[in-house]
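Right, one structure below, let's go through it.
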Amino acid sequence: MKKTQTADRIMDAVGLECPQPVIRARSILTEMAPDALLEVLVDDPLAELDFTVFSRRTGHELISIEQEGPVQRIRLWRRSDEKGHDTGHSNQS
C-alpha cells in the first residue's frame with residue numbers, strides 16, 4: 001500500500017467530535033471492498049488517538065496521518081475479514 005495511492009472513498013468529518021468520525025468511518029469501511037483505501041478529513045484533536053486505537057482493534061491498517069492546517073488527513077486501508085479482528089461488523093445491538 002502506497003501513501004500516495006488515490007483513495008477509493010473520502011469521508012469529510014470536519015466539525016465532528018469524538019467519537020463520531022470513528023463511528024462513521026467504521027460504517028463506511030464495512031461497505032467498502034477489502035483492500036480499499038478510505039481517506040478521512042477531520043479536525044477533532046483526538047482523531048489521531050481514536051483512529052490509532054480503532055486500527056489496532058479492527059485490523060484496518062492506518063496508512064498515514066497528515067496535518068494540513070487545522071485538518072488531519074487520515075488514510076485507512078480496509079483489511080479483509082480476518083479471524084480475531086473486528087472489521088466493523090457487530091452482532092450486538
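Whole-Hz ³J(HN,Hα) for each residue in region 12-28, computed from phi via Karplus 6.51 cos²θ - 1.76 cosθ + 1.60 with θ = phi - 60°, x for glycine and proline: what do you get?
Taking θ as phi minus 60°, the curve returns 8, 10, 5, x, 8, 10, 3, x, 4, x, 5, 4, 5, 5, 4, 4, 5 Hz for region 12-28.
Output the Kirkwood hydrodynamic radius of region 26-81, Cα pairs only, in Å rounded to one decimal.
Kirkwood radius, region 26-81: 11.4 Å.
In whole Hz, with x marking every Gly and Pro, tabulate ³J(HN,Hα) for region 61-66 from phi via Karplus 6.51 cos²θ - 1.76 cosθ + 1.60, θ = phi - 60°.
Computed from phi, the couplings for region 61-66 are 7, 7, 7, 6, 10, 10 Hz.
Read the figures in this text as sums done on the coordinates, not as results from a lab. What you see is a predicted model; the values in this text were computed from it and never measured.
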